[in-house]
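Just below is one structure, and these are the notes that go with it.
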Amino acid sequence: MVFFVCALFLFHPDLKQQVAWNSALLVLAEAEIIMFVFCFLFVLYSVGSFLRSRKKEFGLLLLHGMTVRQLRKMVFLENMLIGAASLTTGILSGLLTAKLFLMAGSSLLGIEALQFHVTLSSILLTVIAFLLLFLVISLSTTMLLGSTRLIDLIQSGVKRDVKPKVSKISALLALVLLLASYALAATATASTVKVRMLPVTAMTIAGTYLFFTQGSIALLGFAKGKLALYWKKTHLVLISNLAYRMKDNARMLFLVTIISTVTFCAMGVFASINRLSGEFAMDHPSQIGYLAKEGNEEVEAHLSGISRELSERGISFRIEKADVIYVSVSSTSLASQPDMLPLIAFSDYRQLVVSAGFSFNEHSPSDSGALVLLSSQREKLLLQGRKPASYTLNSNGLQLHETGITEHVSIPEYLMPELGDGLEGTFSGLVVSDALFDKLEEGSKRETYYAFYTDTLEQTAGVGIGLTDNGKMAYEHSEPYAMTVSGTLYEIQRTTYGALLFLALLVGTVFFIAAGSFLYFRLYSDLEFDRRQYVTLSKLGVTRREMEKMVTWQLSLLFFLPIGLAMVHSMFAFIALQSYLFISIAWEAGAILASFCLVQVVYFWFIRARYLRNLQKADH
Amino acid sequence: MAVLEVRELCKIYEGTISTRALDNVAFSLEQGEFVGIMGPSGSGKTSLLNVIATIDEPTSGGVMIGGQNPHDMDQERMALFRRRELGFIFQHFNLLDTLTVEENIVLPLTLDGTPVLQMKQSALELARRLDIEAVMKKYPQEISGGQMQRTAIARAMIHHPSLVLADEPTGNLDSKASKDVMEAFAMMNWEERTTILMVTHDAFAASFCHRVLFIKDGRLYNEIYRGENRQAFFQKIIDMMSLLGGDTHHLSSVRL
């Protein structure tokens, strides 16, 4: 169904007319592919587990003279029928809820509400993709079935080995790995987070695996050692059952944990990124920025073109101008060695910042000092983390020392060359005192920056289409100018991030439901065993309330242990991420985790009620 | 006073065709008695046991165990009654696979919150007498059928219930294991004065009882007492069973 809704979006005709349709659609197409692959694995797993639980039935059929060929045909037809039925209900429910999703989607994407429109191609894509999926899975069922030896089939099932083997070292290792990766994540700083990311992820995954396969069983083993606790009321049955369940389900719980962690993290990140764009205005002080490189003869034509376009739209604007000079550098203390260093004068910097409407209370650097010219607020943390650099100029051997970072962005990024690197932070150049600027101006390469200031940034969307590519012409292009149109850039960022969030929501929901269903499948395959145990226990005089208490405990551990662990994992991931971002994502992260928690609780009560009813059916 | 008193018990299963499974059954068991119930398939043995065990409701009539009528209780108190006053032994052993032999034995005591030390001692003592001490730390699937059933006996008797109910305890055992299990029953009955009611198909198993009740078509048909000689008692049981037209193919006189 989700797949179908996604396809609806993908083929929606209105969507193609919107500004940034290509990037958003690309994201949706990716979502389709991810979902398809996931659906494939999920259906394969569930069909496999159902077939395995029916082994005995197949054995009986074979015993009564059904040929293997007929059996395969039967299973194949069964699967195709189920597949067709679920496909039909999926498309129907998709159609029913499509309008709702179109509305939600369009508001997330930040475009006008989309018409309810179902294209044949979206239905066709869904039908063909899933028919193919069921076909492949049905054909591979004989492989899933494994041995067709009668004796194996008929005697399958009942035996189980419950002696949990555990190595104390691996259990300890799980603890150490998890704690170490948490510590590393919590202490990560803007500069170390990139280096630590891979090893910490690997450690967490390994730690989680060991935690479920070894740690949890070791923990229960420890509880078993304490007889006063273990041999008390229903604890005896509860703990021994848990040990068995943990051992049997360790891999599944591990998978669920990792899937949920990935989902949480992805959704948290996308939700925060969506808020990041709220800080967009900080990074784009001028609504249109134009940088004329040396020898640009079209400056006048371009500038008057932009002015005319703005006037035609009835937008009032002001133009500010600043000179940028480039001095060559012989040596620096930076890891990345820039050849040419762009400089602007402090008075120009002040003028640009004040014109953008920011409050200004910075002081001019001394004659040998300089401020780092900030290109984007997100780089501030990295720049603050590195040691202030010093530069030796080529022409007169003058030394420049960084004394600080500009508080505001004065010239949007893309308009100037990018200095620095991903580890130390990138910046655009330096701000020097007016006196120094005058001294260095002589004989240096000079470029001029023109800033257009309008009232709001959205007004400028779509201005200067002929001069820019999707709202920008970066400095690195070989054109004689660089240009940014903030309105267009904002529009693109908004729709792209909106699409990403939308994708994360859709895929996240699918993952989350699937994780819950994995749990349910496991429960289902254990039901027969639990029923037998339930009957025995109730004959021995375990009251209904005690029974329900035991079931609740077991189920809640199965449900909330992986989710809880996933939450802790993602919390530390968010903490690490926080060190990299200059705005707080605590609220977004909290909201995401809380809403998933809520859904899980509802899901738990639903499954618990169903499970108890199923258990008690066997009462008589 | 009678430990178990069954009064005019009737059980009718409603359905498209209602069947009368029990028809005016009445008997009683004294403290320390070991009584068998025999009868052909479908005679109502299991229905009778289920009603006595409080797993099923009687249609009319009543059951008094130790002077109490458990069918008057609510679900909660009925469960507690089963836990304290009754012990169960099943054909399929019904040990919990996730527990060791020792844990299975102490299960009824843990439910009632007995101190650990006391549980350990009682379990050990019972295991010694039932000769399963060596397998105390093993899981049920690692031990033999005979050992499993003796574990079940220990579980049924560790809390000194007023009545032990056994449903075909030898039904899943070979002849050697059957003999061990029945001797264990006889020993526990003799030494502990435990009252035991056993439903069985097996004339050999029944020959360990003090008396055997025969039912057919839901009615009490006959009852025979053991006397001094078990061999003679066994023969009488076989004769009675062939008279009832039951499934004599279950029997094998070779065992004695």
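Each value in this text was obtained by applying a stated rule to the coordinates, not by laboratory testing. Here the structure is a predicted model, which is why all the values come from computation and not from measurement. We place every Cβ from the backbone using ideal geometry, glycine too, and count neighbours over all the protein chains shown.
Descriptive notes on the structure:
- Inter-probe distance in nm under a simple model that places probes 7 Å from Cα toward Cβ, at residue A:321 and residue A:192: 5.0
- Rg then Dmax, both in Å and based on the Cα atoms of region A:285-456: 16.3, 51.
- Under 19 Å from the Cα of residue A:439 - aspartates and glutamates, other chains or at least 8 residues apart: A:323, A:348, A:367, A:402, A:447
- Long-range amide H partners of residue A:369 with built H, under 5 Å: A:401
- Charge tally around residue A:441: other residues with Cβ under 13 Å, Lys/Arg +1 each, Asp/Glu -1 each, net -3.
- Footprinting exposure proxy for B:209, A:265, A:39, A:597 (fewest neighbouring C-beta atoms within 10 Å first): A:597, A:39, A:265, B:209
- Estimated 222 nm signal from helices in chain B, with DSSP H stretches of n ≥ 4 weighted -39500 (n - 2.57), rounded to 500: -11500 deg cm²/dmol
- Each residue, residue A:304 and residue A:358, gets one label point 7 Å from its Cα in the Cβ direction; the gap between the two is 3.3 nm.
- Fewest neighbouring Cβ atoms within 10 Å first, the residues A:363, B:160 line up as A:363, B:160.
- Dipole of region B:148-238, positive direction: furthest Cα of B:221, B:153, B:199, with charges on the beta-carbon: B:221
- The residues packed around residue B:26, meaning those with a beta-carbon under 10 Å from its beta-carbon, carry a net charge of -1 if Lys and Arg are +1 and Asp and Glu are -1.
- With R₀ set to 45 Å, the beta-carbon distance separating residue A:545 from residue A:280 gives a calculated FRET efficiency near 0.20.
- Charge dipole (Cα centre; +1 on Lys/Arg Cβ, -1 on Asp/Glu Cβ; no other charges) of the protein assembly as shown amounts to roughly 4320 debye.
- The amide H of residue A:445, built 1.01 Å from its N in the peptide plane, has A:326 as neighbours under 5 Å, considering only residues 5 or more places off or on other chains.
- Compactness of the protein assembly as shown - radius of gyration and Dmax, Cα, Å: 40.0, 131
- Stokes-Einstein D in µm²/s, Kirkwood radius over Cα pairs - region B:65-148 at 37 °C with 0.692 mPa s viscosity: 229
- Note on region B:2-255: antiparallel DSSP beta bridges, both residues inside, total approximately 55 percent of the bridges counted.
- Segment residue A:73-residue A:465, length gained on full extension (0.36 nm per residue, minus Cα span): 135.0 nm
- Positive dipole terminus of region A:285-456, leading residue within A:408, A:368, A:352 (C-beta point charges): A:408
- Most simply put, the protein assembly as shown has about 70% antiparallel DSSP beta bridges, counting only bridges with both residues inside it.
- Assuming charge only on the beta carbon of Lys and Arg (+1) and of Asp and Glu (-1), the dipole of region B:2-255 about its Cα centre is about 380 debye to the nearest 20.
- In plain terms, the chain from residue A:439 to residue A:610 could stretch by 53.4 nm, reckoned as 0.36 nm per residue minus the Cα-Cα distance.
- Footprinting exposure proxy for A:233, B:176 (fewest neighbouring C-beta atoms within 10 Å first): B:176, A:233
- Backbone phi angles across region A:79-94, fed through the Karplus curve with coefficients 6.51, -1.76 and 1.60 (θ = phi - 60°), yield HN-Hα couplings of 4, 5, 5, 4, x, 4, 5, 5, 4, 5, 5, x, 5, 5, 5, x Hz in residue order; Gly and Pro are listed as x.
- Whole-Hz Karplus values for region A:362-376 come out as 9, 10, 5, x, 6, 5, 10, x, 7, 9, 6, 7, 5, 9, 7 Hz, taken residue by residue from phi with 6.51 cos²θ - 1.76 cosθ + 1.60 and θ = phi - 60°; glycine and proline positions read x.
- Residue separation of residue A:477 and residue A:136 scaled by 0.36 nm, minus their Cα-Cα distance, works out to 117.9 nm of gained length.
- For region B:1-43 and region A:499-551, distance of Cα centres in Å: 40
- Rounded to the nearest Hz, the phi-derived 3J(HN,Hα) couplings of region A:247-259 under the Karplus curve 6.51 cos²θ - 1.76 cosθ + 1.60 (θ = phi - 60°) are 5, 6, 9, 3, 5, 5, 4, 4, 4, 4, 4, 5, 4, where x marks glycine and proline.
- Of A:510, A:467, A:495, farthest towards positive along the dipole that unit charges on Lys, Arg, Asp, Glu beta carbons give region A:426-579: A:510
- At an R0 of 56 angstrom, the distance between the Cβ atoms of residue A:595 and residue A:294 translates into a FRET efficiency of 0.55.
- Rounded to the nearest 20 debye, the dipole size of region A:285-456 about its Cα centre is 340 debye, using +1 on the Cβ of Lys and Arg and -1 on the Cβ of Asp and Glu.
- Using the Cβ-Cβ distance between residue A:222 and residue B:117 with R0 = 22 Å, the FRET efficiency computed as 1/(1 + (r/R0)^6) comes to roughly 0.60.
- Summed residue charge, Cβ within 10 Å of residue B:49's Cβ, Lys/Arg positive, Asp/Glu negative: -2
- Residues with amide H under 5 Å from that of residue A:394, placed H, sequence gap 5 or more: A:328, A:329, A:330
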